[in-house]
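Notes follow the structure.
The values are calculated or read from the model by the stated rules, or taken from the named source; none is laboratory data. None of the values given here were measured: they were computed from a predicted structure. Positions of Cβ are generated from backbone atoms using ideal geometry, with glycine treated the same way; all protein chains shown enter the neighbour counts. The protein model used for the area step is the full one, side chains on, heavy atoms only, and it has no ligands, DNA or RNA in it. Shrake-Rupley method; radii C 1.70, N 1.55, O 1.52, S 1.80 Å.
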Amino acid sequence: MKNIFFDICSIPLFLMIIWICISRKMTKGNVNRLFLAMTVVSLLCAVADLSIEFFVTPLPLSQGKVLAATLLSYFYLVVRNSSIAVLFLFMLSLTHTTELIAKRWTKAAFCMPYLITLLTLIQNIVTDNVFTVTAAAGYARGPMMMVLYAMAAIYGIAGFGYCIICRSYLSGGKWVSLVSMFVLVYLSVAIQYFRPDLLVEMFCTAVGNMMIMLTVMRPEERMDSDVGMLSWSSYQTDLRNILRSGERVQILVIRMLNCREIRTYLGDHKYNQYLAEIAREIRSLNWRHHHRIELYFERPGTIYLIVDAAETGAEDFGARLLEETGERIRQYAEMGVRFEPRVCLIHCPEDLNSASDIISLGHKFQKIDKRKQITFRASEIVHSRTFAIEARMEEILERAIKEARIEMYYQPIYDVHSGCFHSAEALARIDDPEFGIISPSIFIPAAETLGLIVPIGNAVLEQVFRFVSEHDLRALGLSYIELNLSVAQCMQSSLPETLRTLQEKYGVDPGQINLEITETTFENISEVMLENVNELISMGYSFALDDYGIGYSSIQRVNHLPLKLIKIDKSMLDEISSTNGRMILEHTVRMMQSINKQLVVEGAETADEVDVLERMDCDYIQGFYFSKPLPETLFLQFIEAHNGRSTA
């Protein structure tokens, strides 16, 4: 009598793994499907192995039991050897190295052991030299059973060797789990070969599958189950493996520009349903047009499709996707939800061969290429100066800090009442030895992301304090210089001490410095930030609210903030040509004046705009109509010429 308890215990383990896969929606993507197939096949093996034992005992057997045991034995041996082949395919897919068996001869080599297994079993129908089931003796192995073990061993040796060779494709824990899977399975095969009464093979396989589930697949890491797509973490891992293996793929990046607004409007649950509907449409389109894709999602609203390079028409696929998805989610359009995607096609590695560059392009392509279009091609973007700067921004920023390559430009601010230039805003530029002058609109967001905004902000403070100390602002007709503080600077408890040190070092009157903080900064003001603002005001510094009009600050909130100056964002001035836009701006000017706030309108570019603003009686105007931001020397020349004051 054989010990069947190991087989019995393996079945609930396999069922549990299958339930986790389905409940966590791990049924999409090649890796998930192969793992699920491997588990299902192993479950069938365990059921067949257990069933055989029920049919072959007790002896002697009836004719029906002989037939049933024979058929189950064939089924078990066919399926068991296929599960080992599927394990090898799973590893290739996990590491994105399936091109190793893409050629005809490699496919033939991969299939050969399994074909030999099938031929050996077919000839057993006549020869009974692999196994036999008789009424008197029950189940018995024949000498050709060793062929089946040898064919399984080929897959095992190849798989184990592959694990060693491709060590760099997997993290330590995942690699150990895969190696352990091979060791565990083949150790159990050896035990069961020499001890046929111990049916440990399927139990060890179930334990190995569970190890892979917990440490390699990791449902919480691999899947975004809320939307039924592979996760952002999976995309990064798979992308790096693709590049490491040299596999050629096409990547379609679909960015939803208004994803945050949609999420706010629909709420989290319906937003996830909305994204899941888009994912279903992508898969449906893929099924109809026979494309092979992997689908990933990055929150809050970016979808990535990795398409095999051999597939043609990936760009057309993107266009069809936008058209047909719009039709499928019409129900959401009727609720007022607009689908506003931007799509970029990247040929990898032809366009880009660095994971960081591909990820960066996926995040910024619609900002780098500012044409008014929906679809983009990476080949048209990657050779631009802007992309080269974006791709090497960390290096540029670190060089700028280390080599003091941050330069200050100054944009004059016009006083409507005096007709002179009253002040100026200090704006940072990076003068890079390779890329030349880089504007803050490019490097400031990157500095915030990379955690370098504080040292850059400190360099700006140093330069502005030096400028004020070297030039008599009153002699120039200037009251103060404005400079921007980042959120990160405002959050530094050491900010007041930093400014105190600079004013003592350069002998600067705090009244000659006006600190700008954006509206969104004040909307999320923290206790530390408020303490810093109040302490700096007590030291003599004044504050301006920058970019008013792009956030949600109310007039009541502005009235209670410790602000000297309000700067109206250019976006409000851009609407001045419309009746409503003009009325909104005029009403804003009147409200600010009613609460005794001085007002600067930014972005004036034409004489008509300046004329309208002067008739509105706003305090100050800033914009290209008067001057673009100028380097220090040219700025001083400009002020001397227009204010009639000497810079000497």
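Please specify each residue of the stretch 24-41 satisfying the condition of being of a type in the set (S, T, N, Q) and free of Cβ contacts under 8 Å to residues at least 12 places away in the same chain.
Result: Thr27, single match.
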Quiz prompt | Subset of the stretch 164-176 (residues that are surrounded by fewer than 20 Cβ atoms within 10 Å (Cβ to Cβ) and either assigned to a helix (DSSP H, G or I) or at pLDDT 80 or above (or both)) | solution = Ile164, Ile165, Arg167, Ser168, Gly172, Gly173, Lys174, Trp175, Val176
Quiz prompt | Those residues of the stretch 193-240 which are among the acidic types (Asp, Glu) and open to solvent by 20 Å² or more (accessible area, probe 1.4 Å), in sequence order | solution = Asp197, Glu220, Glu221, Asp224, Asp226
Quiz prompt | In the stretch 348-380, the residues that are assigned to a loop (DSSP other than H, G, I, E, B), open to solvent by 40 Å² or more (accessible area, probe 1.4 Å) and of a type in the set (Asp, Glu) | solution = Glu350
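Residue-by-condition table, conditions (1) modelled with pLDDT under 85; (2) closer than 19 Å to Ser439 by Cβ:
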{"residue": "Val589", "(1), (2)": "no, no"}
{"residue": "Asn596", "(1), (2)": "yes, no"}
{"residue": "Val600", "(1), (2)": "no, no"}
{"residue": "Glu614", "(1), (2)": "no, no"}
{"residue": "Cys618", "(1), (2)": "no, no"}
{"residue": "Gly623", "(1), (2)": "no, yes"}
{"residue": "Lys628", "(1), (2)": "no, yes"}
{"residue": "Pro631", "(1), (2)": "no, yes"}
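If you check Val179 against the conditions, is it more than 33 Å from the chain's Cα centre (by Cα), surrounded by fewer than 17 Cβ atoms within 10 Å (Cβ to Cβ) and in a helix (DSSP H, G or I)?
Numbers: more than 33 Å from the chain's Cα centre (by Cα): no; surrounded by fewer than 17 Cβ atoms within 10 Å (Cβ to Cβ): yes; in a helix (DSSP H, G or I): yes.
Taking the combined requirement at face value, the residue does not satisfy it.
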Quiz item: Restricting to the stretch 68-91, what's the tally of residues that are under 30 Å from Val179 (Cα atoms), among the small types (Gly, Ala, Ser) and open to solvent by less than 20 Å² (accessible area, probe 1.4 Å)?
Solution: 3
Exercise. List every residue pair whose Cβ atoms sit under 8 Å apart, with the two residues 6 or more apart in sequence or on different chains, where the first one lies in the stretch 160-175 and is without any contact (Cβ under 8 Å) to a residue 12 or more places away in the chain and the second, anywhere, is of a type outside the set (Lys, Arg) and open to solvent by 30 Å² or more (accessible area, probe 1.4 Å).
Key: Arg167/Trp175
Quiz prompt | Candidates Thr27, Thr117, Thr39 - the one that is open to solvent by 30 Å² or more (accessible area, probe 1.4 Å) and among the polar types (S, T, N, Q) | solution = Thr27
Exercise. Give Ile537, Ile566, Ile555 a once-over and let me know the one that is within 30 Å of Cys420 (Cβ to Cβ), of a type in the set (A, V, I, L, M, F, W, C), in contact with a Ser or Thr (Cβ under 9 Å, 6 or more places away or on another chain) and at pLDDT 85 or above.
Key: Ile566
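Would you confirm, using the coordinates I've provided, whether Lys65 is open to solvent by 30 Å² or more (accessible area, probe 1.4 Å), within 30 Å of Ser177 (Cα to Cα) and either polar (S, T, N, Q) or part of a helix (DSSP H, G or I) (or both)?
In short, no.
Given the structure, is Trp287 touching a strand residue (DSSP E or B) at 6+ places or on another chain (Cβ under 7 Å), over 22 Å from Ile374 (Cα atoms) and of a type outside the set (Lys, Arg)?
So Trp287 fails the test.
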Quiz item: Got at least one residue in the stretch 31-45 being over 22 Å from Leu295 (Cα atoms) and of a type in the set (Gly, Ala, Ser)?
Solution: yes
Quiz item: Restricting the search to the stretch 138-155, which residues are surrounded by 19 or more Cβ atoms within 10 Å (Cβ to Cβ), part of a helix (DSSP H, G or I) and small (Gly, Ala, Ser)?
Solution: Ala152
Practice problem: Would you check which residues across the stretch 469-488 are in contact with a helix residue (DSSP H, G or I) (Cβ under 6 Å, 6 or more places away or on another chain) and open to solvent by 10 Å² or more (accessible area, probe 1.4 Å) and list them? | Solution: Ser469, Gly477, Ser486, Val487, Ala488
Self-check item: Breaking point among (1) modelled with pLDDT of 90 or more; (2) open to solvent by 70 Å² or more (accessible area, probe 1.4 Å); (3) among the hydrophobic types (A, V, I, L, M, F, W, C), for Trp105
Solution: (1)
Exercise. Working carefully through the options Glu516, Glu482, Glu497, find the one that is in a helix (DSSP H, G or I) and charged (D, E, K, R).
Key: Glu497
Quiz prompt | Condition met for Asp608 (open to solvent by 50 Å² or more (accessible area, probe 1.4 Å) and at pLDDT 90 or above) | solution = yes
Self-check item: Number of positions in the stretch 583-605 that are farther than 20 Å from Ser479 by Cβ and open to solvent by 90 Å² or more (accessible area, probe 1.4 Å)
Solution: 5
Exercise. Scan the stretch 1-48 for residues that are among the aliphatic types (A, V, I, L, M), under 34 Å from the mean Cα position of the chain (by Cα) and assigned to a loop (DSSP other than H, G, I, E, B) and jot them down.
Key: Met26
Self-check item: Residue among His383, His417 that is assigned to a loop (DSSP other than H, G, I, E, B), open to solvent by 40 Å² or more (accessible area, probe 1.4 Å) and within 30 Å of Leu636 (Cβ to Cβ)
Solution: His417
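Could you list, in sequence order, all residues of the stretch 244-286 that are of a type in the set (Asp, Glu) and in a helix (DSSP H, G or I)?
The answer is Glu261, Asp268, Glu277, Glu281.
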Quiz item: Does the stretch 200-218 contain any residue that is in contact with a strand residue (DSSP E or B) (Cβ under 7 Å, 6 or more places away or on another chain) and polar (S, T, N, Q)?
Solution: no
Quiz item: Of the residues Asp197, Asp224, Asp238, which is charged (D, E, K, R), within 30 Å of Val56 (Cα to Cα) and touching a residue at least 40 places away in the same chain (Cβ under 8 Å)?
Solution: Asp197
Quiz item: Restricting attention to the stretch 420-434, does a residue exist that is touching a residue at least 24 places away in the same chain (Cβ under 8 Å), charged (D, E, K, R), outside any loop (DSSP other than H, G, I, E, B) and under 20 Å from Ala641 (Cβ atoms)?
Solution: yes
Quiz item: Which one is surrounded by the most Cβ atoms within 10 Å (Cβ to Cβ), of the residues in the stretch 420-451 that are of a type outside the set (Phe, Trp, Tyr) and under 15 Å from Gln622 (Cβ atoms)?
Solution: Ala424
Practice problem: State all residues of the stretch 263-276 that are touching a residue at least 40 places away in the same chain (Cβ under 8 Å) and open to solvent by less than 10 Å² (accessible area, probe 1.4 Å); if no residue qualifies, say none. | Solution: Tyr274, Leu275
